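Below: one structure, written as structure tokens.
The values are calculated or read from the model by the stated rules, or taken from the named source; none is laboratory data. No experiment lies behind these values; they were computed from the predicted model shown. Here Cβ is always computed from backbone atoms with ideal geometry, including for glycine, and neighbour counts include all displayed protein chains.
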Amino acid sequence: MYPNLYYVFKDWFGVEWKSLSILNMFGLMVALSFIAAAIILTAELKRKEKMGLLSPREEIITVGRPATITELLINALIGFVFGFKVLGLLFNRPEDITPQEYIFSGQGNIAGGLLVAAILAGLKWYEKNKQKLKEPERRSVRIWPHDRVGDIIILGLIFGIFGAKLFDSFESWDDFMAHPIKRLFSNSGLTFYGGLIVAAAAIIWYAAKRGIKIVHLVDAAAPALMIAYALGRIGCQVAGDGDWGVYNSAYVADNTGKVRLAAEGEFLQALKKDSTYFLNGKLPESNDFNGRTASSLDKVPHLYFKAPSFLPTWMVAYTYPKNVNADGIKIPGDTDEHNRALPLPVFPTPFYETILGILLFLLLWGIRKHIKIPGVLFGIYLIINGIERFCIEKIRVNTEYNILGFQPSQAQVIALLLVIGGLSLIIFQNRKTTR
């Protein structure tokens with residue numbers, strides 16, 4: 001496992017650069033997923049613009065003005081926060097505080113903050129001064145939808161994280177109420193569908209305000225959303241953020257996290273050996289039961305599946321050693337900050353979702369030019385995304401709700417609604433087109 005970039009360089013190159021620990025692997029993969037989404041979305045919007053489906057909008061801007069006091073202050077404030085925290089992380093962080101705890105503490109590097117504040121304010125002044133005219137002019141500019149991808153991605157990032165945290169809090173309500181601040185600002189605990197729903201609402205509002213046709217925007221976003229999801233799940237797998245599956249009772253693990261086939265009855269013996277962990281020892285940020293406490297060992301969720309000979313064992317049974325959540329049993333002799341592994345192997349569901357996400361992206365990318373009715377591609381995205389998530393939830397451990405005798409997870413309920421919404425959208429758009 002690579003909780004942050006420090007562990008990547010330590011494992012791959014044998015160097016121990018502690019400063020790299022501020023770069024969380026999950027965060028890096030999320031950043032890459034947003035970059036990939038921006039590239040795909042831009043390409044699709046340009047294609048639709050060439051087809052005449054999307055049009056530019058004329059806007060009036062003022063050019064030639066010098067930098068205002070407000071602009072300089074905003075840049076200086078952003079620079080101070082950045083320098084105060086980032087330079088503090090690099091040079092002033094105590095060893096007993098994690099990067100995440102340091103970021104949300106009152107500690108920092110004041111000199112670094114003032115330096116970066118001055119640099120950003122100076123750059124803003126210089127940029128505006130170069131463009132300054134004797135008399136500022138009002139000009140009309142033509143802005144195409146693809147020119148707004150940067151704004152769309154930023155909105156998606158901000159509201160996506162907010163929605164993901166919000167829905168995760170609802171899903172893990174007891175844990176959230178016990179540790180609200182820690183839960184909100186932890187580097188784990190993100191619900192994809194929460195981020196999708198809240199970010200989509202914000203982006204649709206923005207697009208409507210900017211005169212972008214929503215139905216073509218969502219069609220263009222469908223493959224971008226799918227590839228972003230697939231890449232984001234790489235971060236879950238690599239960092240070990242707790243988004244894994246149920247235990248695989250075909251295997252057991254030693255105290256270092258190494259997995260091997262279980263002999264008859266050995267899985268139950270392992271459950272009894274670490275019964276404190278399985279029944280009462282759930283760590284505050286652990287997702288092994290996600291707020292649900294088993295009353296006896298037979299309620300510990302598990303499935304039996306032995307990997308075919310051509311598959312590596314980790315694809316069906318993995319203990320996530322050194323996971324970012326510090327979940328599991330301490331690895332003997334390991335004194336690192338991240339020194340735990342799950343006592344029994346689980347199904348690595350983030351890996352499965354990465355593979356499925358890439359395949360579904362290729363499907364959407366391959367059929368996008370053959371679908372002529374607006375909105376249908378996005379409807380297909382909703383359906384296949386919902387089906388994929390509903391199925392994967394069968395082997396994931398999550399809070400379950402009792403609805404009319406069924407026990408679905410939050411994600412399964414939303415997945416069903418997405419499938420229904422996708423079917424409804426396709427039917428509606430087909431009928432609208434044939435009228």
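Some notes on this structure:
- Condition met for Ala117 (without any contact (Cβ under 8 Å) to a residue 60 or more places away in the chain, farther than 30 Å from Ser33 by Cα and buried (at least 16 other Cβ atoms within 10 Å of the Cβ)): no
- At least 2 residues being at pLDDT below 90, within 30 Å of Glu59 (Cβ to Cβ) and of a type in the set (Gly, Ala, Ser) is the threshold, and among the helices (runs of 4 or more DSSP H) wholly inside the range 112-201 those reaching it are 149-171.
- Enumeration of residues in the range 239-251 that are at pLDDT 95 or above and not hydroxyl-bearing (Ser, Thr, Tyr): Asn248, Ala250
- In the range 1-15, of all residues being part of a loop (DSSP other than H, G, I, E, B) and modelled with pLDDT of 90 or more, the one that is surrounded by the fewest Cβ atoms within 10 Å (Cβ to Cβ) corresponds to Gly14.
- Residue match in the range 69-81 (condition: in contact with a helix residue (DSSP H, G or I) (Cβ under 6 Å, 6 or more places away or on another chain), of a type in the set (A, V, I, L, M) and not in a helix (DSSP H, G or I)): no
- Any hit, the range 67-78, residues being over 30 Å from Pro321 (Cα atoms) and in contact (Cβ under 8 Å) with a residue 60 or more places away in the chain: yes
- Test: residue in the range 25-45 that is crowded, with 18+ Cβ neighbours inside 10 Å, touching a residue at least 60 places away in the same chain (Cβ under 8 Å) and in contact with a strand residue (DSSP E or B) (Cβ under 7 Å, 6 or more places away or on another chain): yes
- Candidates Lys372, Lys432 - the one that is without any contact (Cβ under 8 Å) to a residue 24 or more places away in the chain, more than 17 Å from Tyr229 (Cβ to Cβ) and not in a helix (DSSP H, G or I): Lys372
- Scan of the range 315-343 for residues that are outside any loop (DSSP other than H, G, I, E, B) and surrounded by 15 or more Cβ atoms within 10 Å (Cβ to Cβ), ordered by number: Tyr318, Ile329, Arg340, Ala341
- Checking the range 278-285 against the condition returns no match, with no residue being surrounded by fewer than 20 Cβ atoms within 10 Å (Cβ to Cβ), part of a loop (DSSP other than H, G, I, E, B) and at pLDDT 85 or above.
- Cβ separations smaller than 6 Å between residues 6+ apart or across chains give the following pairs from the range 151-162 residues that are of a type in the set (Val, Ile, Thr) to residues that are crowded, with 21+ Cβ neighbours inside 10 Å: Ile152/Ile203.
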